[in-house]
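Participant: Encoded as structure tokens, here's the structure I'll be asking about.
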Amino acid sequence: LKELAGQTVTYGIFTIVGRFLTFILFPLYINFLPKSAYADIVILYSYIGVLNILYASALESAFFRYYDKDDLQQSRSVFSHSFFTILIFGLIISGTIFIFSDSLTFILSGEIKNSADLIRLAAFVPLIDAIQFIPFGLLRMTNKARSFVIIRFIHVIIFVTLSYIAIAVLGMGVFAVLGIQLIASLITLAIHSGRIIENLTFTYDSKLMKLLLKYGVPTLPAALSTIFLNVADKPVVKEFAGSDAQAVYSANYRLGIPMLLFITAFDYAWRPFFLNNYKNEGSNDLFSKILTYFTLMGALIFLSFSFFVKYIVQTPFIGKGKLLPDDYSGGMVIIPIILLAYWFNGMYNNFSASLHIAKKTKYLAYSIVTGTLIYFAIMFLTVPVYGYIGAAWATLAGFATNAILIYYFAHKSYHIQYDWIKISIIAILTTLIYFVNHTFSFNFGTLADIFFKISLLVMFLLLLRLFGFFTKQEIAAIKKLFRRK
């Protein structure tokens, strides 16, 4: 378990840094590409994300289940069957997309010349990515976390660096985005090539193949539901509100990254933590307190970023423009909604610990699929009327449904007595402080406005103290921490 925790930290650091590096591409796109081009890139990556899951998720899950590090022959057979199945299936689907690309241009804005060529280029991005799922899985199964991270970093650094050169310096436009994605993926595939060749066998075992499919295929609904919950809103907004609205929505959606990074970092640390501690005396109280302070941290991130994002987006950007250009700023209204949606996703991760401990993970799929259905229902009802604001609320509703359902199943499977009184105090005070700021947003000068917002954050903490949120022991520990500093 200690080894697992150490590797999880390694993966977690990469995920956070990797997400941040790719995040800094977003102002590049919106400052140097037309809205229609940025909208098309978002749409294509939404479909690429779905295809990645479709190509590889089932066989990746099966690979992890049947790989046996103590049986080299069995493991190579599992590797080969998984790898070749993904490769063949991916070639068929990507080849079909390539052939019929002229008929698929309707998914794009129609404002880019040679849209079919863009789809042809995009057709092979998920294929090259998907056939690396099993080699990356092998690194994880053989405890080579460092190699995993190094290869991932190489991909991210190549992608980010070449994108800046191609778009900001050379002005190559939208085709450079997918072209560079393919170059970066092919380089990492080349790095994997020796390990792939070493582990391939060329004998077909029908029984093993049936086992892999029997285990892996049932995992697809949950995997697809998860990706739909994250990407399906972009094509729907484009369809009902237009490409420009979809570009504005996607850009502001990306600005929910502070909460996303917090949730991601917490999740990587949380999974090994609860597995390592659930048998210990007092673990129930410990897990309860963790949820309480997770809620507090989420509230502080929500309030802080909601208050100051209008200043953050004015940050000058390399070359020209701002972090968020003025013609995108109308979509900032969705940022608090997306922050809350990510927070509910974090609550889902907290509650899911009970199902992992009780070994009742089937309920994870029940909640995710239900949440996704509600997400689609609300989205198709609201987006035609309210545009991308409806999509943001649908996203929040989907994640909130996941959290509520998973709590219901978790409560029945492995009960943890959470401190709902303190959590309610945080929620009520967060709502109060947020609406005080929203209601009294007078036309202060910048310094006066910043001082007002900081005062509200201090008031939030003081009110928590007044309502008995912090115990004497916790206050003493905080004072001791500051004295050391």
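The values are calculated or read from the model by the stated rules, or taken from the named source; none is laboratory data. Everything numeric here is computed off the predicted structure, so don't read it as measured data. Glycine also receives a Cβ, built like all others from the backbone with ideal geometry; neighbour counts cover every protein chain displayed. For the accessible areas, the whole protein counts, side chains as well, though only heavy atoms, and no ligand, DNA or RNA atoms are used. Shrake-Rupley method; radii C 1.70, N 1.55, O 1.52, S 1.80 Å.
Participant: Sort W393, W343, W270, W420 from largest to smallest accessible area, using a 1.4 Å probe on the heavy atoms of the protein chains.
Facilitator: W393, W420, W343, W270
Participant: All other residues with a Cβ under 15 Å from the Cβ of D102 taken together, and with Lys, Arg as +1 and Asp, Glu as -1, what is their net charge?
Facilitator: Charge balance in the 15 Å sphere: +1.
Participant: Okay, moving on. Can you give me the % of accessible surface on segment 26-98 that is carbon or sulfur? Probe 1.4 Å, all protein chains present, nothing else counted.
Facilitator: Ligands and nucleic acids excluded, carbon and sulfur reach 62 percent.
Participant: If you don't mind, there's one more thing I want to ask. Out of these labelled values of Cα extents along the principal axes in Å, [x] 77, 48, 43; [y] 88, 39, 35; [z] 70, 58, 46, which was calculated from the coordinates shown here?
Facilitator: [z]
Participant: Roughly speaking, to the nearest percent, how much of segment 271-365's 1.4 Å accessible area is carbon and sulfur?
Facilitator: The C+S portion of the solvent-accessible surface of segment 271-365 is 60 percent.
Participant: Hey, another quick one. Using label points projected 7 Å from each Cα along Cα→Cβ, tell me how many nm separate N114 and V385, to one decimal.
Facilitator: 4.4 nm
Participant: Around A123, with a cut-off of 14 angstrom between Cβ atoms, what is the net charge of the other residues, counting Lys and Arg +1 and Asp and Glu -1?
Facilitator: Computed value for this residue: -2.
Participant: When all protein chains stay in place, what accessible area (Å², nearest 10, 1.4 Å probe) is found for T439?
Facilitator: Accessible area, nearest 10 Å²: 90 Å².
Participant: If a/c stays under 1.5 just call it rounded; otherwise compare a/b with b/c (prolate if a/b is bigger, oblate if not). Do that for segment 187-331, with a ≥ b ≥ c from the square roots of the Cα gyration tensor eigenvalues.
Facilitator: Because a/c hits 1.5 or more and a/b fails to exceed b/c, segment 187-331 counts as oblate.
Participant: Do the alpha carbons of any pairs in K144/K214; K113/K234; K35/K234; K144/K362 sit beyond 23 Å of each other, and which pairs?
Facilitator: From K144/K214; K113/K234; K35/K234; K144/K362, over 23 Å: K144/K214; K144/K362.
Participant: Now a separate question. Quick one: which residues, 5+ away or cross-chain, put their amide H under 5 Å from the amide H of K322? H built at 1.01 Å from N.
Facilitator: When sequence neighbours closer than 5 places are left aside, the close amide H contacts are F317.
Participant: I'd like to check one number: the per residue accessible area of the chain, probe 1.4 Å, reported in Å² as a whole number.
Facilitator: Per residue, the chain has 48 Å² of solvent-accessible surface.
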